[in-house]
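As structure tokens, the structure follows; a few thoughts come after it.
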Amino acid sequence: MQLEVADWSQYALVIDARSPREYQEDHVPGAVNLPVVNDEEYAEVGTLHKTDTHAAYLIGVEYSLRNIANHIKPLIAKFDRRDRMLVYCFRGGKRSKLWADNLRTIGFNVDVIKGGWKNYRRWVRESLEVLPRHFEYRVLSGSTGCGKTRLLHALAAAGQQIIDLEELASHRGSLLGKLPGKSQPTQKWFDSLLLEYMRSLDPSRPVWVEAESKKIGNVQLPDALFEAMHQTVPIHVSAPMDERVRLWREDYPHLASNPGTLVDLLEPLKPLVGGEELNLWRELANTGRVDELFARVMTHHYDLCYERSTRRNYKAAEESPRIELDLLGPDRLVEVAKQLAERFG
């Protein structure tokens, strides 16, 4: 599972020579997109290649030399010739060679990922089948709104290793999890981000995570990580309803100011909760009784889902240590995080 290149941090510059569209889907973390051909040029060369290979290479090289020249002065000229660079394209072929040859002509030391991004993607997939099993996890479980994410970050501040899967996924999970103004990463880019983060962790120390479903929004957790998380005894976190409602108001201000949107988002739950319950939610939203709405949604949907999911996924859930967060303010969370670190760290 080696790429036969140095760690990314050893390179002064990592160049992704593919088109912007390819780069957007996934890339080596930290790589800069310096495309040999842009999206339109790439499509043009690819179409021409089907009927006239020679003409396709001719126009492809023309575009490539022009684009490389445009990149050299504003960016490449800033580096010292002793700097080492890494280049890759889709398969480590012509686009990588064009960049590598020009950089070597200038005097840089250049490595190329053999097999390109395709080989890198294979390495990511295979690594995520193995690496997550090397860690011991501390899983924070508990129904929505009980402060798990805030406690997770308090643990990080207390010096513990954490993985904030929802942050990496840019989604809080559930139908309400979409973050305003933020799009989720593609599955491939999520995998790259997750692997890069996990490679920075120390396997000799425990890793704290939140209990998550297999899917967080549109992205899925690797099987190895999901299975390893569910082999541990979770730590059950709870909080009083008034604190949970306050947390929801702070974490979902866009829904608190427009509760009708919340009910619209939960409309797909009608077969599960029933039309009568959904109508009650709608009435609470229409009359501005936001706190009642939040509490009702939690007690009549999310708490029930949590209980079912915990029984199904955590065989040792009945043995879970219980942590009652009477307050969800930062001072209290810091205090609890220190206690958890001493007890389970």
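Odds and ends about this structure:
- With Cα atoms, 0 to 90° folded angle of helix 116-130 axis to the chain main axis: 30 degrees
- Only the Cβ atoms of Lys and Arg (+1) and of Asp and Glu (-1) were treated as charged; on that basis the dipole of the range 17-116 about its Cα centre amounts to roughly 460 debye.
- Above 30 Å, the calculated P(r) of the chain contains 50 percent of its Cα-Cα pairs.
- Annotation: amide H of Gly93 has no partner in the under-5 Å range at sequence separation 5 or more or interchain, hydrogens built in the peptide plane.
- Among Pro240, Val273, Ser213 the positive-end extreme of the charge dipole of the chain (Cβ point charges): Ser213
- Excluding same-chain neighbours fewer than eight residues apart, the lysines reachable from Lys315 by a Cα-Cα span under 23 Å are Lys148, Lys214, Lys215.
- The alpha carbon radius of gyration of the range 1-122, expressed as a multiple of 2.2 N^0.38 Å, is 1.03.
- The length gained on full extension between Phe79 and Tyr57, counted as 0.36 nm times the residue separation minus their Cα-Cα distance, comes to 4.9 nm.
- P(r) tail, the range 80-135: Cα-Cα pairs separated by more than 13 Å, 63% of all pairs.
- The chain: angle of helix 148-157 to the longest principal axis, Cα-based, in degrees nearest 10: 60 degrees
- Proximity of backbone amide H atoms, modeled 1.01 Å from N, is registered between Asn33 and Asp16 at under 5 Å, excluding neighbours fewer than 5 places apart on the same chain.
- Among Leu225, Cys89, Ala337 the positive-end extreme of the charge dipole of the chain (Cβ point charges): Cys89
- Given charges at beta-carbon only (K, R positive; D, E negative), |dipole| of the range 114-169 in Debye: 300 debye
- Amide H within-cut-off set for Ile162, under 5 Å, with H built and near neighbours excluded: Trp208
- Relative to the longest principal axis of the Cα atoms of the chain, the long axis of helix 241-251 lies at roughly 30 degrees.
- Candidate aspartates and glutamates for bridging to Lys94, where Cα separation is under 20 Å - those fewer than 8 sequence places away on the same chain excluded: Glu4, Asp16, Glu22, Asp26, Asp39, Glu40, Glu41, Glu44, Asp52, Glu62, Asp111
- The Cα atoms of the range 43-185 define a convex hull whose projected area, averaged across directions, is 14.5 nm².
- Within the shell of other residues whose beta carbon sits under 15 angstrom from the beta carbon of Glu62, the net charge comes to -1, with Lys and Arg scored +1 and Asp and Glu -1.
Computed from the coordinates by the stated procedures, all read-outs in this text should not be read as laboratory data. Everything numeric here is computed off the predicted structure, so don't read it as measured data. For neighbour counting, all protein chains shown are included, and Cβ atoms are generated from backbone atoms with ideal geometry for every residue, glycine included.
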